[in-house]
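Peer 1: Here it is, the structure, as structure tokens.
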Amino acid sequence: MVADKGKKLKVTEEEETDHIDGELVISIEKLQELQDELEKINEQASDEVLEIEQKYNEVRRPVYTKRNDIIKCIPDFWLTAFLSHPALCDLLTEDDQKIFKYLDSLHVEDSKDVKSGYSITFNFKENPHFEDTKLIKTFTFSDEGTTKITGTDIKWKEGMGTANGSNHEKKGNKRPLAELSFFSWFAETEQKEITELHDEVAEIIKEDLWPNPLKYFNNEADEEDSDADEDEEENGDEQDDDDDDDAEDDNEDDDAEDN
């Protein structure tokens, strides 16, 4: 009798376990269906966002052209903007800065469908450094997730090539510091440090400098950082004052209790 009761309990437990497992499977299947539905919505949203971006790229195009025309009238505009940018300023050697004085315009352009890539074009006036008037860096994204990067093979004039960098001596240090020219960024190379810079430099130019170069030409970025630092200092001083006031109140309360 006891044995029969034990068997029944075991069977009941197994049935309950099977029931729970079955419910879990059904719940996971329903959850997967909802996730699939969300994926379809996200894909649709991405397609619509791309369509809007394509539309406004065309709207921006003539404005960018007018902006470049005005920039051409301002001496050393792009050189100043680069040197004022907290990340880009360290990429220009002294020789690069001399070359940048001949930079006539800069242009960033997305591919027509936006998602397959973009190009960054530097237009130069005739100069004593290289034969090219256009230096272009192109980034092409494949559906498989790979990125193809191509750049202009710069035709340096005799004795003017700086793509391999030059040696400069550190102040207070006899060891030479090899400075790599910004223009080596355009060249295809197997050097690890250059490969790592490709996306970083391009992203900064495309997403930060290009949308509003005037901010960096006017050095407004430093002013914003300075204002932020001042606000932090003021908030810190106010907090210190509040802490001092609280301490004084506590002391007064202690004195009152003693009396």
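The values are calculated or read from the model by the stated rules, or taken from the named source; none is laboratory data. The shown structure was predicted, so the numbers you read here are calculated from the model rather than taken from an experiment. We place every Cβ from the backbone using ideal geometry, glycine too, and count neighbours over all the protein chains shown.
Peer 1: Just to be sure I understand, how many residues within the range 57-80 are within 18 Å of residue 119 (Cα to Cα) and among the aromatic types (Phe, Trp, Tyr)?
Peer 2: 2
Peer 1: How many residues are at pLDDT 65 or above and either β-branched (Val, Ile, Thr) or surrounded by fewer than 10 Cβ atoms within 10 Å (Cβ to Cβ) (or both) when one looks only at the range 2-28?
Peer 2: 5
Peer 1: For the subset of the range 34-47 comprising residues that are modelled with pLDDT under 95 and among the acidic types (Asp, Glu), which member is farthest from residue 111 (Cα to Cα)?
Peer 2: Among those that are modelled with pLDDT under 95 and among the acidic types (Asp, Glu), it is 43.
Peer 1: A further question on this structure: For the condition farther than 29 Å from residue 159 by Cα and loosely packed, with under 10 Cβ neighbours inside 10 Å, what is the one hit in 63, 108, 49?
Peer 2: The unique qualifying residue is 63.
Peer 1: Here's a follow-up. Is it true that residue 126 is free of Cβ contacts under 8 Å to residues at least 40 places away in the same chain and farther than 24 Å from residue 65 by Cα?
Peer 2: In short, no.
Peer 1: Separate question: Run down 90, 95, 104 and say which single residue is assigned to a strand (DSSP E or B) and more than 20 Å from residue 59 (Cα to Cα).
Peer 2: 104
Peer 1: Just wondering, is there one or more residues in the range 77-84 that are loosely packed, with under 14 Cβ neighbours inside 10 Å and either among the aliphatic types (A, V, I, L, M) or without any contact (Cβ under 8 Å) to a residue 60 or more places away in the chain (or both)?
Peer 2: no
Peer 1: If I ask for residues that are over 22 Å from residue 183 (Cα atoms), of a type in the set (Val, Ile, Thr) and under 21 Å from the mean Cα position of the chain (by Cα), which ones from the range 44-102 would you list?
Peer 2: Result: 49, single match.
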